[in-house]
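Take a look at the structure set out below.
FYI, it's all coordinate maths here, none of it is from the lab. Just so it is clear, the model here is predicted, and its values are computed rather than measured. FYI the Cβ positions are ideal-geometry reconstructions off the backbone, even for glycines, and counts take in every protein chain you see.
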Amino acid sequence: MYDLLQCVDRALDKFGSNTKQATYWALMTKEGISSDRIVSNPQALSRILQEIFGNDGSQIVEKAIVKEIKKAFDLESPSSHYSLTDALEIASSELPGIPETISV
């Protein structure tokens with residue numbers, strides 16, 4: 001799970017450490033989700049990203065997270081397109097100890 005969380009961290013770091021901290025703070029205060037629970041709650045992460053970055057900006061951040069996940073877990077498909085939820089679900093299925101169901 002640590003590798004998957006690192007993917008989220010690396011992607012958020014591209015937008016600045018303050019942005020990453022604001023994202024994690026908003027997840028905790030508004031959604032009640034700590035950063036280590038992101039994997040099982042991708043919809044909460046999407047909501048927070050949309051709140052912070054708006055519709056267009058959140059899509060860019062989500063694509064950056066998916067790109068990091070694809071690199072770390074060698075996820076490629078013929079269309080090579082994954083949503084944030086799909087990428088987290090597929091990558092987490094490869095990790096032991098991760099719940100198979102993701103909250104939506």
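Structural remarks
- Cα gyration tensor category, rounded, prolate or oblate, for the range 2-93 with a/c compared to 1.5: prolate
- Listed by number, the DSSP H helices of the chain that run 24 Å or longer by alpha-carbon position along their axis and have mean Kyte hydropathy of at least 0.5 come to an empty list.
- Peptides 56-68, 24-36, 6-18, ordered by how many other C-beta atoms sit within 10 Å of their residues on average, highest first, read 56-68, 6-18, 24-36.
- Under the convention that each Lys and Arg Cβ holds +1 and each Asp and Glu Cβ holds -1, the size of the dipole of the chain around its Cα centre is about 320 debye.
- Added length on full extension, which subtracts the Cα-Cα distance from 0.36 nm per residue, Ile60 to Ile90: 8.8 nm
- Candidate lysines for bridging to Lys63, where Cα separation is under 21 Å - those fewer than 8 sequence places away on the same chain excluded: Lys14, Lys20, Lys71
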